[in-house]
Each structure stands twice: as C-alpha cells, then as structure tokens.
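Notes follow the structure.
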Amino acid sequence: KAGVTQTPRYLIKTRGQQVTLSCSPISGHRSVSWYQQTPGQGLQFLFEYFSETQRNKGNFPGRFSGRQFSNSRSEMNVSTLELGDSALYLCASSLGRDEDSPLHFGNGTRLTVT
Amino acid sequence: KQEVTQIPAALSVPEGENLVLNCSFTDSAIYNLQWFRQDPGKGLTSLLLIQSSQREQTSGRLNASLDKSSGRSTLYIAASQPGDSATYLCAVFDGGSQGNLIFGKGTKLSVKP
C-alpha cells in the first residue's frame, strides 16, 4: 500500500509570492491534516479535512488555506509569503479523526522563502 | 491549554544500552498518545499508539507506557542500535476544539557504535 505522498519535496520562493503544496493520502483514508515544523516552534497544527470539509483549524493567519478533493487528495496554499513561513510542511492521513486512528505522515515539503 | 514536554532534548548512548525517553503532558483528558520517529529531513513514522484506556503497547524492541493520571508516558528502547538514531516525538490527541495532535519538541537520540 502506498504511503502518504507529498509534492513537491522542495520549494524556493520569494517574499510576497504564493505557493501550493499537494498531498495524496493513503488509499481509503478520508482525513488529511497539515502541520508546519520549524526548529523553534516544533510541529504546529494547521488544519484538518475530512470528506472535503475543514473540520479543524489551528492558530495560523488567513494566508494559510487548504482544501480537499473528492478523492481525498488535499492541497494547502500560502499567499503573500513571509520569511517566517520557511519550514517543513507535513501532511498526515488517517481513516478518521477518532481515538483509534493513528496518523501516517508523508516526507514533507521543504519550503524556503527568500 | 495542553502542553507536551519531552526530556531530555538530546541523548547519546553506546550501542546495546537500554534507554528510556520521557514525555509529559499537562491535561490528562486525552484520547490517545502516539510516539513517532523522525529521521533528518524526513516525515514522521508512527511507532506506537496508546489509547487512553491502555497502560502500555509493545512493538519489537519498543515499549511505550502511559500513566494518564500523572500525565506521563515513557518509550523504552531495548538493546539500542545505531539505526535507532533519530528524533523521537510524542503527541497527544485530546479531542479538543481543534481536534489535533499536540506534539512535544522531541528527543534527539544518538546511538554510538
């Protein structure tokens, strides 16, 4: 069974630009979550989608947005990039967000903003 | 607000040693706790998930325990190997308003041959 796939693996953007990251979950998984990982803040929750609906959202500005398609694939978008957005962005999928559903992570997209 | 702490931040041990990684959380009302491993530049690999009703889980050389009342979990690694070198993260799912996993900052483990 294929794991969680994130594309691209690396991105370099300049301040003010926007970026779109993609995540394909494990087949059959309907929940997709996004996390930002930085050396200073560690892993922070961005948002979670289930059956094309955003169920939960973390404490990030509105520049960070996402969506989920009918095949459970998800994208996240960051507009008006800032230097502080440089991070590893991780996507995770699960069958559903309940206590019996462990998260499975992809290898992430490394975003560098210059 | 739930906070997760992992001590120590880094640990270096000789190969073959048994070791314990610690994780503590401030709010005991959790649904589960999950241990992950992260290799440099990579994503997270799930190691063990302990439900709130469970006390421990085992997988091979790994054993994770959970004491909800004291807000603690430990990950025990037996007979450590150089391939165990990685950052180990614990995360709790508390089903709160955000419904997300709350992570500790991790323990960076180095196992010397």
Exercise. Any idea how many residues of the range B:39-56 are within 19 Å of A:H104 (Cα to Cα) and either at pLDDT 95 or above or not polar (S, T, N, Q) (or both)?
Worked result: 10
Exercise. Which one is farthest from B:Q6 (Cα to Cα), of the residues in the range A:1-59 that are assigned to a strand (DSSP E or B) and of a type in the set (D, E, K, R)?
Worked result: A:K13
For this session: Kindly indicate whether A:G66 is assigned to a strand (DSSP E or B) and either buried (at least 21 other Cβ atoms within 10 Å of the Cβ) or in contact with a strand residue (DSSP E or B) (Cβ under 7 Å, 6 or more places away or on another chain) (or both).
Result: yes
Exercise. Which ones in the range A:9-23 are out of contact with any strand residue (DSSP E or B) (no Cβ under 6 Å at 6 or more places or on another chain) and either among the acidic types (D, E) or within 14 Å of another protein chain (Cβ to nearest Cβ) (or both)?
Worked result: A:R9
For this session: With respect to B:A9, determine if the residue is farther than 27 Å from A:S31 by Cα and touching a residue at least 24 places away in the same chain (Cβ under 8 Å).
Result: yes
Problem set entry | Index of the failed condition, A:I12 passing every other in (1) touching a residue at least 40 places away in the same chain (Cβ under 8 Å); (2) under 26 Å from B:V92 (Cα atoms) | (2)
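The values are calculated or read from the model by the stated rules, or taken from the named source; none is laboratory data. Source: prediction; values computed, not measured. Every residue, glycine among them, receives a Cβ derived from its backbone with ideal geometry; neighbour counts consider all protein chains shown.
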